[in-house]
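The values are calculated or read from the model by the stated rules, or taken from the named source; none is laboratory data. It should be emphasised that the depicted structure is a prediction, and the values quoted were computed from it without experimental measurement. Reconstructed Cβ throughout: ideal geometry from the backbone, glycine too, with neighbour counts over all protein chains shown. With ligands, DNA and RNA removed, areas are computed over all heavy atoms of the protein, side chains included. Shrake-Rupley method; radii C 1.70, N 1.55, O 1.52, S 1.80 Å.
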Amino acid sequence: MTKKEKEKRQLKYNAPKGIHDILPPDIYLWQKIEKISKNLFEKYGYQEIRTPIIEHTDIFIRSIGEETDIVEKEMYTFLDRAGRSLTLRPEGTASVVRSFVEHNLNTLPTPQKFYYVGPMFRYERPQKGRFRQFYQIGVEAFGEKGPLIDAEVIAMLVNFLNLIGCENVNIELNSIGCETCRPLFKKELINFFSNKLSNLCTDCQRRHKTNPLRILDCKVDGCIENRQGAPMISRYLCENCTVHFEELKNLLNNLNIPYTLNPELVRGLDYYTKTTFEATSNQLGAQKAVAAGGRYDKLVEEFGGPPTSAIGFAIGLERIITLTKEKLTIQYPDPLFFIATIGKEAEMKGLILAENLRQKGYYVEIHYGNASLKSQLRKADRINAKVVLIIGDEELKSGKIKWKNLYTKEQGDVDINAVVSIVS
Ligand code: HAM
């Protein structure tokens with residue numbers, strides 16, 4: 001073997017950093033959680049929406065905001081062959097809003113409610129609970145401006161977390177105001193940080209002028225330290241935002257949904273107005289948010305649609321899986337029948353029998369290629385098959401095949417056309 005051939009043989013490919021495979025049997029846990037969410041969300045009137053994984057880059061810049069960490073540092077952006085800038089979606093809301101406006105979904109009865117499941121991409125520093133490709137289950141509801149739907153959305157999230165056995169999750173709640181109350185708050189923030197500028201990171205020094213709210217969710221240590229004592233939006237809420245927030249709290253109290261007020265919860269995306277919330281767990285280390293969301297009453301307009309209030313959240317699937325892995329029992333399918341064959345003709349009969357049984361709805365595995373009966377039976381055992389059907393020369397002649405139930409150890413002969421009678 002030449003050196004080059006040797007090197008080629010040793011070449012080992014790994015998935016890119018921060019990006020993972022989801023393999024069986026884990027995948028059954030993922031499917032179970034996705035199924036529970038789908039069943040629950042549909043009870044609340046949400047319908048599935050599938051938007052593309054790549055979008056025009058501008059969609060994310062306009063919605064998430066130019067000054068955010070996501071847009072500044074974390075997007076997977078590339079030019080397509082025609083030189084257009086495209087981006088792997090870092091989140092789902094922007095795409096759903098784009099789709100809502102593009103297809104004039106505002107003309108349908110309100111509220112329009114959607115859910116989605118899929119991968120998102122952020123070029124973050126990978127660590128426990130933080131990946132570069134991660135999965136979200138998200139919901140977005142359009143067309144309701146009152147707090148009733150805020151309460152319903154939060155109740156739905158709490159119900160979901162309860163259903164999958166996510167315990168000790170806290171709902172943190174805040175209101176970050178609207179375009180009426182923000183200007184005064186921004187002014188206060190600018191004043192507060194103006195004599196601390198040299199302690200802030202260079203991004204935040206720039207944000208101080210352009211988007212001071214973003215300093216409040218910067219992840220750099222110096223910025224975190226220097227925002228101690230910063231003004232809080234809750235003190236600057238206008239009448240409309242105050243009433244909305246008070247009503248929401250009252251509704252949540254009446255629904256017996258516990259929550260904690262967190263006046264520092266500003267979220268890392270620019271599109272939010274009024275209500276913001278996060279579901280956090282203290283069992284996850286630094287990346288403690290299992291889900292997060294809020295209202296975004298201006299985004300549809302920002303995308304060229306009519307004024308339309310909206311609210312939603314997204315759940316981080318990897319983090320949910322970490323919390324529920326031990327608790328959720330998963331039942332993945334085992335073969336009901338394994339067909340062991342000896343000889344070419346038996347192999348063909350086995351293949352036909354397997355097809356017939358599968359058409360009747362049974363899960364059937366067969367043996368491929370030559371092997372002793374002993375090793376075929378060993379394989380049946382390893383894959384946890386319930387019943388082994390054995391076809392050899394004698395069985396072909398008599399039309400009766402041998403069967404053995406590997407669970408109960410019962411065995412016997414059965415007509416090849418009546419195999420189902422063994423299990424029914
Ligand atoms: P987000 O807070 O950026 O909000 O993400 C929502 C959730 O996704 C987080 O709470 C976390 O569980 C998960 N997540 C985010 N980044 C990562 C990562 N790098 N690795 C693993 N999990 C992660 C949004 O994405 C908004 N679109 C939510 C929303 C929907 N707001 C309104 N509608």
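A few notes on this one:
- Simple spin-label estimate for Asp334 and Ala286 gives 4.3 nm between the two label positions (7 Å along the Cα-to-Cβ direction from each Cα).
- Within the chain, helix-based [θ] at 222 nm, where runs of 4 or more DSSP H residues each add -39,500 (n - 2.57), nearest 500: -10500 deg cm²/dmol
- In this structure the range 351-424 gives 64 Å² per residue of accessible area when probed at 1.4 Å with all protein chains present.
- Of Phe134, Phe185, the residue with the largest accessible area leads and the full order is Phe134, Phe185 (1.4 Å probe).
- Fully extending the segment from Glu179 to Lys249 would add 23.0 nm, taking 0.36 nm per residue of separation and subtracting the current Cα-Cα distance.
- Here the mean projected area of the convex hull built on the C-alpha positions of the range 7-68 is 8.5 nm².
- Put simply, the range 322-379 fits an ellipsoid with semi-axes of 31, 16, 7 Å; these come from the alpha carbon gyration tensor as the roots of five times its eigenvalues, largest first.
- Cα Rg, Dmax, the range 88-133, angstrom units: 14.4, 43
- Counting protein heavy atoms only, the range 270-330 has 47 percent of its accessible area on carbon and sulfur, 1.4 angstrom probe.
- Counting only Cα atoms, the size of the range 276-421 along its three principal axes is 76, 39, 28 Å, in decreasing order.
- With all protein chains in place and a 1.4 Å probe, the accessible surface of the range 104-253 carries 50 percent carbon and sulfur.
- Dividing the Cα radius of gyration of the range 99-221 by its Kirkwood radius returns 1.03 for Rg/Rh.
- Full-extension gain in nm, Ser421 to Ser375, via 0.36 nm per residue minus C-alpha separation: 13.9 nm
- Counting heavy atoms of the protein chains alone, Lys249 has an accessible area of about 30 Å² for a 1.4 Å probe.
- About the centre of its Cα atoms, the chain shows a dipole size close to 1420 debye [charges on the beta carbon of Lys, Arg (+1) and Asp, Glu (-1) only; nearest 20 debye].
- Two numbers describe the Cα atoms of the range 337-422: Rg and Dmax, which are 11.5, 30 Å.
- Computed from label points 7 Å out along Cα-Cβ, the spacing between Glu34 and Asp80 is 2.5 nm.
- Principal axis extents of the C-alpha atoms in the range 179-220 (largest first, rounded to whole Å): 29, 19, 13.
- With 0.36 nm allotted per residue and the present C-alpha distance subtracted, the Lys17-Gln47 stretch has 7.4 nm of extension available.
- Burial order of peptide ranges 403-409, 63-69 (average beta-carbon count within 10 Å, highest first): 63-69, 403-409
- The Cα center of the range 244-268 and the Cα center of the range 339-379 differ in position by 60 Å.
- The Cα trace of the chain gives Rg and Dmax of 28.4, 95 Å, the first to one decimal, the second as a whole number.
- Using distinct alpha-carbon pairs, which all enter the 1/r mean, Kirkwood radius of the range 285-327 in Å: 12.5 Å
- Annotation: the range 171-306 has a Kirkwood hydrodynamic radius of 16.0 angstrom, from the mean reciprocal C-alpha pair distance.
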